[in-house]
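Trainee: The following block contains the structure, expressed as structure tokens.
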Amino acid sequence: MKTVYLAAPLFSEAECDFNSKLRDEIKSAGFNVFLPQEDSNNIKDEKNRQEIIFNKNVAAIERSDIIVAVIDGTDVDSGTAWEIGYAFARAKPIIGLRTDFRTLGIEGTVNLMIQRSVILCARIPELLNRLKLSK
């Protein structure tokens, strides 16, 4: 079974709820999912918390077969952008999910560097179809 690393903003209740819903959809499609908000944030060592989270997430990207990145908003979340860049440099396939219909005008729907790094999907069913093609 292939593993998906789900890169997404996780700083509001709404973002966390959406991420959990998306994780469940991806699991239902037959994938293991690493979701940082659940799989690397439960660190009790406050002194080394940031280092531990960083290392867990980098290791999870390394182990993952595919990266799914939620890229909604007026600008891509900085942590998600870093995860996309790192995965791209490691030649990992990246599927970007942008359900936000706002555009950047002549620039396109997201930052050029992000758009050129991902296969862009606009809806969850489209994302799931792309994932199924990767099996």
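Each value in this text was obtained by applying a stated rule to the coordinates, not by laboratory testing. Since the structure is predicted, the reported quantities are computational estimates derived from the model, not experimental observations. We place every Cβ from the backbone using ideal geometry, glycine too, and count neighbours over all the protein chains shown.
Trainee: In region 3-133, what is the count of Lys pairs whose alpha carbons are under 21 Å apart, counting only pairs at least 8 residues apart or on separate chains? Don't skip to the answer; put the middle values down first.
Mentor: Values: LYS21/LYS132; LYS27/LYS56; LYS27/LYS92; LYS27/LYS132; LYS44/LYS56; LYS47/LYS56; LYS56/LYS92; LYS92/LYS132.
Counting lysine pairs in region 3-133 gives 8.
Trainee: Averaging sequence separations of C-alpha pairs under 8 Å and six or more residues apart, then dividing by the length of region 3-133, give the relative contact order as a whole percent.
Mentor: Working: 176 pairs, mean separation 33.0, N = 131.
With pairs under 8 Å counted, the relative contact order is 25 percent.
Trainee: Not counting the cut sites, what is the longest span of the chain without chymotrypsin sites (Phe, Trp or Tyr not before Pro) that DSSP labels loop and that have at most 13 other Cβ atoms within 10 Å?
Mentor: Numbers: sites that count: PHE11, PHE101.
The answer is 12-100.
Trainee: On average, how much area does the Cα convex hull of the chain cover when viewed from any direction, in nm²? It would help to have the intermediate numbers written out before the result.
Mentor: On the way: hull surface 32.4 nm².
So the Cα hull casts an average projection of 8.1 nm².
Trainee: I need the trypsin sites (Lys or Arg not before Pro) found in region 1-40, filtered to DSSP loop residues with at most 15 other beta carbons within 10 Å of theirs.
Mentor: On the way: sites: LYS2, LYS21, ARG23, LYS27; in loops: LYS2.
Within region 1-40, the qualifying trypsin sites (Lys or Arg not before Pro) (loop, at most 15 other Cβ atoms within 10 Å) are LYS2.
Trainee: Rounded to the nearest 20 Debye, what is the dipole magnitude of region 31-107 about its Cα centre when Lys and Arg each give +1 and Asp and Glu each give -1 at the C-beta? Write out the running numbers ahead of the final one.
Mentor: On the way: 9 positive and 13 negative charges, 39 e Å.
In total the dipole reaches around 180 debye.
Trainee: Taking a virtual spin label 7 Å from the Cα of ILE52 along the C-beta vector, which residues in region 1-45 bring their backbone nitrogen under 15 Å of it?
Mentor: Residues 37-45 fall inside that zone.
Trainee: Shape call for region 1-80 from the C-alpha gyration tensor, a ≥ b ≥ c root eigenvalues: rounded (a/c under 1.5), prolate (a/b greater than b/c) or oblate? Intermediate values should be presented prior to the final figure.
Mentor: Values: a/c = 1.64, a/b = 1.19, b/c = 1.38.
Cα axes put region 1-80 in the oblate bin.
Trainee: Here is a follow-up. At R0 = 22 Å, how high is the FRET efficiency between ILE124 and ASN41 if r is their beta carbon distance? Nearest 0.05 is fine. If you can, show how the numbers build up before the last one.
Mentor: Working: r = 23 Å, r/R0 = 1.06.
It comes to 0.40.
Trainee: Say the dipole of the chain comes from +1 at the beta carbon of Lys and Arg and -1 at that of Asp and Glu; which of THR74, ILE114, PHE11 then lies farthest toward its positive end?
Mentor: It is ILE114, whose Cα lies furthest towards the positive end.
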